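The values are calculated or read from the model by the stated rules, or taken from the named source; none is laboratory data. Only a predicted model underlies this, so the values are computations on that prediction, with no experimental measurement involved. Glycine also receives a Cβ, built like all others from the backbone with ideal geometry; neighbour counts cover every protein chain displayed. Surface accessibility is based on the protein's heavy atoms, side chains included, excluding ligands, DNA and RNA. Shrake-Rupley method; radii C 1.70, N 1.55, O 1.52, S 1.80 Å.
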Amino acid sequence: MRCLAQQSNLFYARRFFCATSTFLLILFFTSNGVAEIKISPSLNVSETFTDNVRLGLIGGGAGGGGFGLGGGFGGSIGANKTDLITQINPGVAVNGKGQRYTLNAQYVMNNLIFARNNNLTTIRHMLNADGNAEIIRDLLFVEGSALINQRNIGLLGAQTDSNIFATGNRATIQVYSVSPYLRYQFQDFATSEIRYTRSIVKGGVFGFRDSQRDSFQFGLNSGSSFTKLAWGLNYSNQMIHLNQTGRDIELERSIVNVRYLLSNRFSLTSSGGYERNSFLSIRGKTSSPTWTAGFIWSPNRRTNVQFSAGERFFGDTYFGEISYNKRLLNLRVLYAEDITTFNQQAGAFSAFGALNLNSLGGLGLQDLLGLNNFLTNRVFLQKRFNATVALNGSRNDISLNLFTLSRTPYSSGDIDADLIGLNNLILFNNTKQMGGNVAWNYKFSPRTNLITTFSYIRFDFSSSNRSNDNLLFSTALNRNFDDDLRGSLEYRRIDRLSGIQTGGGNISQSANVVTVSVTKNF
């Protein structure tokens, strides 16, 4: 088994370096010899002590790992709950910029060494890379991205943002995407774009089906000569192939967009067309005419408001966004809904946030519980709301984020039976996540700051009248000893209370975590 793990780790490393080298060569030859590439190695070393390495049950003795896919709490009998975890994390950042390309990539090898639970010692890989190149000037372009990261598998298990916990509810997700496209401008009359996207999602989790997506998009949108009345013709077709199921999901939309400028600050918008979707639906029709009507209002250069309402095959549909940006204050409110799949959503939410080489010990403003883009093979209607406000001062930065996310499945649950367990299918007929987080960054000096965060999120399983409450508190003292050396000391407290009963009572979990971390950039 260890030999297989080593072969898998070697495979990941070879894939990353081969892909990076090939992409760099392509970009170099498309840059007319003018290229600027910066390679920045780094090393992060940390020591973490926790009194509940598996986030197991309170009062449950040594047992108690993750409440994972099958829906049962477990863990190996006799496993140590307290542990000291050493992380040795070499990494490299590659940033390239030329006349006709850009490249940004961060890779980290996360080596985890457990002092008491030796069987948990392992290696994880994290990658966040994207790039674009102009192959033929003003005509042919290509974009690509690669993401490898660890994330929570589902809502039933213990929630964490760190690899130090062996919850049984985390997996490595890989997302790869390449998108060549043609863009042509018909002077000031219109701009056209034809795009093909190939996307691959791999999970390595029993019951979760790896998938490939082929997406075709065409757009013809009015140019600058249309000042009063702007228009657009847009077509998209997405075919998602679920491995080992014989099932394909097709989502197709043909839309005409119109925008009428009433004044320099206010516009009316409308759209109409037809969407043809093909999948095994449990809620009736999957295709119908579609339309929306709304407005765009920009009362000043800092403020923008958009709203639209209409109808699609699943019923009424809405979209809204408010943004306000100032030097000391930033505000954004968003509501959006759509029929989608995990393949399309794989890079969304906090699961694949920007990888920060200086925060591998679990420190930083991204150290917050948030929406869980949990694994599923089903087609679902997703409704999402976010409200974020950030205040930036000379010494104090404060941010507040409130959110909700509801999912209603539109395809049969039998395809998820192996993933979450047959007995748990009813729990996921309707789910809702709601909560918020607040972060306070106090700067003692230009080199020293204290970051305190608090997160709360509730998972509601409406079909069974059950819920899970998750809380995270953390405070971290960070010190930049010089431009290339950074140290951190952090304390975290994790609590969880589940309304899904097991063994005759509700589930209660908690963990205390102390981490000392040092990062060196070369």
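Summary of computed values
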read-out	value
In the range 274-295, the residues that are assigned to a strand (DSSP E or B) and either without any contact (Cβ under 8 Å) to a residue 24 or more places away in the chain or open to solvent by 30 Å² or more (accessible area, probe 1.4 Å) (or both)	Y274, R276, S278, S281, P289, W291, T292, A293, F295
Pair list, Cβ under 6 Å, 6 or more apart: the range 166-190 residue polar (S, T, N, Q) and modelled with pLDDT of 95 or more, other residue surrounded by fewer than 16 Cβ atoms within 10 Å (Cβ to Cβ) and not in a strand (DSSP E or B)	none
Selection count, the range 336-354, where residues are at pLDDT 80 or above and closer than 30 Å to L43 by Cα	1
Yes/no for L357 being modelled with pLDDT under 95, farther than 30 Å from I153 by Cα and in contact with a strand residue (DSSP E or B) (Cβ under 6 Å, 6 or more places away or on another chain)	no
Filter result for the condition that a residue is out of contact with any strand residue (DSSP E or B) (no Cβ under 6 Å at 6 or more places or on another chain), over 17 Å from F342 (Cβ atoms) and not basic (K, R), over N401, N423	N423
Pair list, Cβ < 9 Å and 6+ apart or interchain, from the range 257-273 residues that are on the phi > 0 side of the Ramachandran plot to residues that are of a type in the set (D, E, K, R) and not in a strand (DSSP E or B)	none
So S298, is it in a strand (DSSP E or B) and open to solvent by less than 30 Å² (accessible area, probe 1.4 Å)	no
Pairs where the first residue, in the range 213-224, is over 19 Å from V379 (Cα atoms) and the second is open to solvent by 60 Å² or more (accessible area, probe 1.4 Å) and outside any strand (DSSP E or B), C-beta under 8 Å, 6+ apart	S222/F189; G223/Q187; G223/D188; G223/F189; S224/D188
Any chance G320 is within 30 Å of W440 (Cβ to Cβ) and modelled with pLDDT of 95 or more	yes
Hits in the range 457-489 - residues which are open to solvent by less than 50 Å² (accessible area, probe 1.4 Å) and within 17 Å of K432 (Cα to Cα)	I457, F459, D460, F461, S463, S464, S467, N468, D469, N470
Residue, farthest from L55 (Cα to Cα), within the range 485-522, restricted to residues that are among the small types (G, A, S) and at pLDDT below 95	G504
Residues within the range 421-439 that are touching a Gly at 6+ places or on another chain (Cβ under 6 Å) and on the phi < 0 side of the Ramachandran plot, tallied	2
Residue among R332, R327 that alone is open to solvent by 70 Å² or more (accessible area, probe 1.4 Å) and modelled with pLDDT under 95	R327
Test for S464: is it in a loop (DSSP other than H, G, I, E, B) and either in contact with a helix residue (DSSP H, G or I) (Cβ under 8 Å, 6 or more places away or on another chain) or not aliphatic (A, V, I, L, M) (or both)	yes
Qualifying residue in the range 402-415 (condition: open to solvent by 40 Å² or more (accessible area, probe 1.4 Å) and part of a strand (DSSP E or B))	yes
Selection count, the range 203-229, where residues are under 13 Å from S177 (Cβ atoms) and either among the hydrophobic types (A, V, I, L, M, F, W, C) or open to solvent by 40 Å² or more (accessible area, probe 1.4 Å) (or both)	0
Any hit, the range 36-43, residues being of a type in the set (D, E), modelled with pLDDT of 55 or more, open to solvent by 40 Å² or more (accessible area, probe 1.4 Å) and in a strand (DSSP E or B)	yes
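Residues checked against (1) crowded, with 16+ Cβ neighbours inside 10 Å; (2) under 18 Å from Q345 (Cβ atoms); (3) of a type in the set (V, I, T):
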| site | (1), (2), (3) |
| --- | --- |
| V201 | yes, yes, yes |
| W231 | no, no, no |
| Q238 | yes, yes, no |
| T245 | no, no, yes |
| R253 | yes, yes, no |
| L262 | no, no, no |
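Matching residues to (1) open to solvent by 70 Å² or more (accessible area, probe 1.4 Å); (2) under 29 Å from I282 (Cβ atoms); (3) of a type in the set (V, I, T):
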{"position": "L425", "(1), (2), (3)": "no, yes, no"}
{"position": "V438", "(1), (2), (3)": "no, no, yes"}
{"position": "P446", "(1), (2), (3)": "yes, no, no"}
{"position": "S455", "(1), (2), (3)": "no, no, no"}
